1. Can you give the FRET efficiency for residue 308 and residue 58, using 1/(1 + (r/R0)^6), R0 = 30 Å, r = Cβ-Cβ distance, to the nearest 0.05?
2. Could the peptides 80-92, 176-188 be put in order, highest first, of the mean number of other beta-carbon atoms found within 10 Å of their residues?
3. Which order do peptides 165-174, 22-31 fall in by mean Cβ count within 10 Å, highest first?
């Protein structure tokens, strides 16, 4: 037993929420039941909590979290001042929970990830793992249009040299020590599934079946998935920049071949066709625009990092059962500022 009391280590569930009023009554019941079962089994301390992070919801999500907190001290909550994105919502929850918990489990509010895998995660934690990844055992229930892009993404990230756990999203267990190490990373552009493996702590994997969403709608549109993939690639790999050099050399080679071909045709008194010229122009123009776009992605990230803007602001918190001295989390988390760490 590492940090907890004689009744066990303190577990915090961190659950980001964005417009989850339909699923919140279901997920809160399931999560509280899981906490009770773990306490009765002697696996965690009775002081364990469920921390909801409202990521600027526009529906009744925060009002429902308040009601849950008033009815049962098991439920805690923090509300972000505006929609900061899922990655920052998870980060806000982790930075808040690490002040009180011995280990933390992050999970989506829809509970599509199997909550029963928590027992196996805790078992791995007891064996010495500081990080335990919840990995879906298969994608057989997913449509072709979700499965193939997902597999392509993991293959691309592997080629880019980024350490990423395949078929793992945000369902993971982290010890307090691992979360405190995560607090040392200050980048604004954050992709936790790729950042957490960089911590280097002992880790393990627990397989589980991913279920269908029981209520509400998924917040991941095609546009958001594309943005997340671009964030992952440009935040953790320099290979796209190197590909630009190869692409430029290839374009020059094609241009040289085309020029020689045009000279040969000219000596034969046959003018080159307009289609070949047009193809060359489009090829070079496309390569230039693609290169500028990739460079722009990296330049934009440097611009965002240089401004060192806060990742999020906590506008309201429901942590009072933890004691007055610990009732208020840091109001903001600023890139480059280590005020979220304990002395």
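1. Working: r = 28 Å, r/R0 = 0.94.
Calculated value: 0.60.
2. Details: 80-92: 20.7, 176-188: 18.1.
So the peptides 80-92, 176-188, ranked by packing, come out 80-92, 176-188.
3. Working: 165-174: 21.7, 22-31: 18.4.
Top to bottom by mean Cβ count within 10 Å: 165-174, 22-31.
Values in this text are rule-based calculations from the coordinates and carry no lab data. Everything quoted here is computed from the prediction, not taken from an experiment. Glycine gets a Cβ as well: all are built from the backbone with ideal geometry, and neighbour counts include every protein chain shown.
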